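Any read-out appearing in this document is the output of simple, stated calculations on the displayed coordinates, not a laboratory observation. Nothing here was measured: the structure is a model prediction, and the numbers come from that model. Counting neighbours? That spans all protein chains shown, and the Cβs are built from the backbone with ideal geometry, glycine included.
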Amino acid sequence: MTESMRAMRLHAPGEPLRLETLPRPQPGPGEVQLRVLACGVCRTDLHVVDGELTEPRLPLVPGHEIVGEVTALGEGVTGVAVGQRVGVPWLGWTCGECAPCRRGEENLCECAEFTGYTRNGGYAEYCVADARYCFPVQGDDAQAAAPLLCAGLIGYRTWRLAGGEAPRRLGIYGFGAAAHILIQLALARGQRVYAFTRPGDAEAQAFARRLGAAWAGGSDEMPPEALDAALLFAPVGELIPTALSHVRPGGTVVSGGIHMSDIPSFPYRLLWEERAVKSVANLTRQDGEEFLALAPEVPIRTETRAYPLEEANRALDDLRTGRLSGAAVLIP
């Protein structure tokens, strides 16, 4: 008889997740089975649950910031061992054969599958994952490591697309899980960080200053000097022209989110003088390898709030309403 597990499942967008008892998933060829130790709660999970990302494979176990212990190997798996601690990110599978994959742009794979969206994720006691997309995780604190698997990785890719450590004055819009990780890397590379929050969110602004921001204010405020680059983690399209107005000529604005409200029209003068707007799509295995090696070197310390697995809906609601500083993490 197949052993069972508890999982939180989504049956329809806009509905609360349901706590259910399911058979433990078994690894197929190239896959590993994991006992989930911790799973971060990401804003992308909100976009899935709330129906803003419109093609989930239902019923669905969400969650893509997974830290787990390998408990079984599927046929043909090499390089991963039973008992090893690994992390599983949003990008869960790629074909390796389409034009983007052949160009080395696996994050743009035409057939990609995504953890907690088109593949069952980590809001459960067990999950399976493609062994190629499992990263070794250092340390014993699974709760602290979980946010690195998306907030950290996507933040890192966003930072790289903005020029990495080259910009000296870096603006961050939306000071949540990704920003609280990224500011630590930026400061370690000698950058000045300017944090933009929801107008009037004094708690988030104090959090940013405590982590070392040179300035923190509302997204409706002007920074004290022009920015070299701006990174957007808030899913608010109106912030694109706002950020463009705050970067210097030749500066860059990068949106790190997978979903954003519509961008309003704006005058060409905001884009003129060789300003650039970019977006981030998913991640690559190289991003994961580079960032997870950097994290202990900095060192990056995540601030988290733990929730039992069965309280996933409360964790999502706390994220939705802005009641979190740092990152929420589910512990099965």
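Over the Cα atoms of the range 100-190, the radius of gyration divided by the Kirkwood radius equals 1.00; this is the Rg/Rh ratio.
To the nearest ten degrees, helix 151-161 and the longest principal axis of the Cα atoms of the chain are 50 degrees apart. Label sites at Asn313 and Glu203, each approximated as a point 7 angstrom past Cα along Cα to Cβ, lie 2.2 nm apart.
Phi angles of the range 107-123 translate, via the Karplus equation with coefficients 6.51, -1.76, 1.60 and θ = phi - 60°, into HN-Hα couplings of 5, 10, 3, 6, 10, 4, 10, 10, 5, x, 9, 10, 10, 4, x, x, 7 Hz per residue; Gly and Pro are given as x.
Treating each Cα of the range 153-279 as an identical point scatterer and summing with the Debye formula, the log10 of I(q)/I(0) at q = 0.11, 0.15, 0.19 Å⁻¹ comes to -0.31, -0.59, -0.98.
What does the extension gain come out to for Gln286 and Glu225, with contour length at 0.36 nm per residue minus their alpha carbon separation?
Once the chain is fully extended between Gln286 and Glu225, it gains 18.6 nm.
Modelled spin labels at Ala99 and Glu303, positioned 7 Å past Cα toward Cβ, are 4.6 nm from each other.
Relative to the present Cα-Cα distance, how much length would full extension add between Arg248 and Arg210 at 0.36 nm per residue of separation? Spell out each step's value before the answer.
Values: separation 38, 0.36 × 38 = 13.68 nm, distance 2.65 nm.
That works out to 11.0 nm of additional length.
On full extension, the segment bounded by Ala188 and His259 gains 22.7 nm, given 0.36 nm per residue less the C-alpha separation.
Work out the FRET efficiency for Val82 and Ala12 from their Cβ-Cβ distance, taking R0 = 25 Å, and round it to the nearest 0.05.
Details: r = 37 Å, r/R0 = 1.46.
It comes to 0.10.
One quarter of the convex hull surface, Cα atoms only: what value does that give for the chain in nm²? Spell out each step's value before the answer.
Details: hull surface 65.7 nm².
Mean projected area for the chain: 16.4 nm², to one decimal.
Rounded to whole numbers, the Karplus 3J(HN,Hα) couplings from phi for the range 304-315 are 10, 10, 8, 10, x, 3, 5, 9, 4, 5, 5, 4 Hz, using 6.51 cos²θ - 1.76 cosθ + 1.60 with θ = phi - 60°, and x at Gly and Pro. Among Tyr307, Tyr123, Tyr156, the residue with the largest mean-square fluctuation in a Gaussian network model of the chain, with springs joining Cα atoms closer than 10 Å, is Tyr307.
Under the simplified labelling scheme, the Thr71-Arg160 pair shows an inter-label distance of 3.3 nm, with each label point 7 Å from Cα along Cα→Cβ. Based on Cα contacts under 8 Å between residues 6+ apart, the range 1-98 shows a relative contact order of 28 percent. Across the range 282-310, the residues whose backbone nitrogen lies under 15 Å from the label position 7 Å along the beta-carbon direction of Ile331 are 303-310. Taking the average, over residues, of other Cβ atoms within 10 Å as the packing measure, peptides 284-294, 260-270 rank 284-294, 260-270 from highest down.
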